[in-house]
Every structure is written in structure tokens, then in C-alpha cells.
């Protein structure tokens with residue numbers, strides 16, 4: 001999926017909890033403290049692209065498309081060396097917050113559905129190893 005450059009952007013500091021000693025994140029190397037990173041949100045029409053940066057590179061990316069009825073997470077991808085650090089969960093939390101008044105959907109592999117289920121999504125449909133999950137927005 002290729003996205004054209006987007007005309008509008010804003011930067012916002014995004015605070016995150018520190019790494020927890022003894023957790024899976026303790027042994028990560030070359031991963032900046034999450035509070036040092038910046039979240040950049042690019043908007044164009046019905047598409048938002050979330051980029052999670054350290055000082056020089058994108059560590060994670062998410063893309064959400066929106067219609068009047070629903071917002072759909074197209075992807076959440078975290079750099080291999082940053083997986084398990086909580087960055088993906090921070091992106092998902094930001095997306096849930098941004099779309100709290102809309103139904104939010106995502107198609108994912110069945111093996112990855114547990115992460116969404118822990119974040120308030122429910123299974124709506126299953127087909128050939130893929131699962132469609134929905135998180136209902138609040139009125």
C-alpha cells in the first residue's frame with residue numbers, strides 16, 4: 001500500500017510509561033525510552049497515518065481510514081527491534097482515543113486477534129484464518 005504525501009500534519013509529544021525492570025522490554029537494545037519519541041499524525045481526506053519517531057527514524061506506523069459510519073485500521077507495524085516495547089499498544093491507544101465516537105474495525109490474522117481482544121475489540125467475523133474485529137464507539 002502506497003500513500004501519497006499528506007498535506008497536513010501536526011506533532012504532539014506522546015508520553016509513555018517507562019520500561020519495567022524484569023519485563024520482556026528490559027533487554028531491548030537500541031530502543032529509545034518511549035517518552036523521548038514523538039508521535040506524528042498525518043491527515044489527508046479520510047486517512048490518518050500515525051508515525052512514531054525517535055530522533056532520526058520511524059519506529060512504528062499505523063494507518064486508519066475513515067468513513068461516516070466506521071474507521072478501519074489498515075495496519076499497525078512496529079520495527080522488528082522495537083517489538084515488545086509497548087509502542088504498538090501506544091499507537092492503538094491513540095487510535096482508540098481519536099476514534100472513540102466511531103466503530104473501529106480491523107482485519108487481522110487469527111493468531112494476532114488476542115491483542116485486539118485485550119483492547120476492547122470483539123470478533124465480528126472469521127474467514128480462512130483472518131478475523132474481523134470491532135470496537136464500538138461511545139455515543
Requested in this report: Mind checking the full-extension length gain between residue 75 and residue 126? Use 0.36 nm per residue of separation minus the Cα-Cα distance, one decimal, nm.
Outcome: 16.6 nm
Query raised in the report: Using 0.36 nm per residue, how much length does the chain from residue 117 to residue 103 gain when fully extended, once their Cα-Cα distance is taken away?
Result: 3.6 nm
Report summary line: So for R0 = 30 Å, FRET eff. of residue 138-residue 58 from the Cβ-Cβ r, to 0.05, ends up at 0.45
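Read-outs throughout are calculated quantities, based only on the coordinates presented, and are distinct from any laboratory measurement. Everything quoted here is computed from the prediction, not taken from an experiment. We place every Cβ from the backbone using ideal geometry, glycine too, and count neighbours over all the protein chains shown.
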